[in-house]
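Report on the following structure.
The values are calculated or read from the model by the stated rules, or taken from the named source; none is laboratory data. Source: prediction; values computed, not measured. Positions of Cβ are backbone-derived with ideal geometry, glycine not excepted, and every protein chain shown enters the neighbour counts.
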Amino acid sequence: MNPVVIAVAITGSVPRKKDNPAVPVSPSEQIESTHEAYEAGASLVHIHVRNHDESPSSSPEKFAEVQDGVVRHCPSMIVQFSTGGRGRDPGLRGSSLYLRPDMASLSTGSVNFPSIVYENHTTLVHDLAGRMQQHSIRPEIEIFDLSHLHGARRLVDAGLMDDRPHVQFVMGVENALPADEHLLDILLEELRRLLPKATWTAAGIGCHQASVMEWALRRGAHAVRTGLEDNIRITRERLARSNAEQVAMAVEAVLRHGRRLASCPEARAILSLPPHAGAA
Ligand code: ZN
C-alpha cells in the first residue's frame, strides 16, 4: 500500500473563468478551493496567481496571501508556487520565491506551446534554480521535452540542485509532448538513467488527464496531478464542478490501483521536505 501524493493545480495561467466559472481566481477563492481539495485528499497545491482581469500576475502580495491562507486552513499541506508562465515578465517569475514556499515549479528548457514559444533561457533557469537553492525550496522539474531531463541533470552537475528533485512529465500540451503511454516509458527510462533518485509524477492536459494518471499509477508514480489548471471538464459534455471533485476522482484512481493516499506528513517525507509547513 505504497502511498501516493495527490497534487492539485487549482488555477493555472490561462484565463478560463468564461469557460468554467469554478476556476478560482481571487486569493480568497483560491484558498477556499484549496481547502476543499485538501479535505478531499490533496496533499500538495500548485499555485498561480491572477490579476482582477484574470491575466497572469507575479504579485508577491497575492502569492503571500494564498500561501498564508493555505498554511492556516490546510495544516502541513505542501505549498508549491509556479515560476512558469505564459504572459508573465520573465524577470518577475522568481520574484515571490523569497516567501519560501515548500516547492516551486522549474522548467529547464524552452518548448512550443499552442500559440507561443514557452521560453526558458538557460540564464533564467540558472537564476531560478539558484534562488530556490538559496531559500531551501525544493524544485518540481517540469518536463515538456526529453531534453529538459538533460537540462535538469546539468543543474545537478552545476551544483544548483541536489540529485533527488521531483520531476513532472507534462503530456498532451499541443505542439509539445503528446500523451502517449510508450513515450512515458521512454521518459522514465531516461529519468532513471540521469536522475535515479528523483521522485516523479505525470500530468495529462485536457482530455488526457485521466489516462495519463492511469499510466503513472500503473508505473508506481510517487504522485499524481489533477486540478482545473490542466482540465476543466469531467466529460466532453460536463464541466468539472470544483478542484475537489477532480481530487475525488484521483483518489478513486489511486485506490483502484491498490495504493492509498499519502497524508500530508507522508507526502513531505516522500518528496524530501521537512515535516512542517515552511511558511515565511
Ligand atoms: Zn502551473
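Quick notes
- Against the test of being under 20 Å from Val71 (Cα atoms), of a type in the set (A, V, I, L, M) and in contact with a Phe, Trp or Tyr (Cβ under 9 Å, 6 or more places away or on another chain), the options Ala262, Ala221, Ala269, Ala244 yield a single qualifying residue, Ala244.
- Scanning the range 171-181 for any residue that is outside any loop (DSSP other than H, G, I, E, B), touching a Phe, Trp or Tyr at 6+ places or on another chain (Cβ under 7 Å) and charged (D, E, K, R) turns up at least one such residue.
- Consider the range 176-213 and keep the residues that are charged (D, E, K, R) and under 15 Å from Leu149 (Cβ atoms). The one that is surrounded by the most Cβ atoms within 10 Å (Cβ to Cβ) is Glu190.
- Among the residues listed as Val66, Val71, the single one being β-branched (Val, Ile, Thr), away from the ligand (no atom under 16 Å from the Cβ) and either farther than 24 Å from Ala202 by Cβ or in a strand (DSSP E or B) (or both): Val71
- Selection count, the range 74-94, where residues are away from the ligand (no atom under 16 Å from the Cβ) and either more than 16 Å from the chain's Cα centre (by Cα) or aromatic (Phe, Trp, Tyr) (or both): 5
- Taking the criterion of being in contact with a helix residue (DSSP H, G or I) (Cβ under 8 Å, 6 or more places away or on another chain) and hydrophobic (A, V, I, L, M, F, W, C), the residues of the range 60-103 that qualify are Phe63, Ala64, Val66, Val70, Cys74, Met77, Ile78, Val79, Phe81, Leu97, Leu99.
- Qualifying positions in the range 43-63 - in a loop (DSSP other than H, G, I, E, B), surrounded by 18 or more Cβ atoms within 10 Å (Cβ to Cβ) and within 16 Å of the ligand (Cβ to nearest atom): His48, Ser58
- Residue match in the range 3-21 (condition: part of a loop (DSSP other than H, G, I, E, B), out of contact with any strand residue (DSSP E or B) (no Cβ under 7 Å at 6 or more places or on another chain), surrounded by fewer than 21 Cβ atoms within 10 Å (Cβ to Cβ) and among the aliphatic types (A, V, I, L, M)): yes
- Arg100 within 19 Å of the chain's Cα centre (by Cα), at pLDDT 95 or above, away from the ligand (no atom under 16 Å from the Cβ) and of a type in the set (D, E, K, R): yes
- Among the residues of the range 7-42, those identified as over 19 Å from Val79 (Cβ atoms), in contact (Cβ under 8 Å) with a residue 60 or more places away in the chain and more than 14 Å from the ligand (Cβ to nearest atom) are Asp19, Asn20, Ala22.
- Pairs meeting the criteria (first residue in the range 97-124 and acidic (Asp, Glu), second residue within 15 Å of the ligand (Cβ to nearest atom), beta carbons under 8 Å, at least 6 apart or on different chains) are Asp102/Ile78; Asp102/Val79; Asp102/Gln80.
- Whichever residue in the range 117-152 is closer than 10 Å to Leu106 by Cβ and among the small types (Gly, Ala, Ser) and, among such residues, is surrounded by the fewest Cβ atoms within 10 Å (Cβ to Cβ): Gly151
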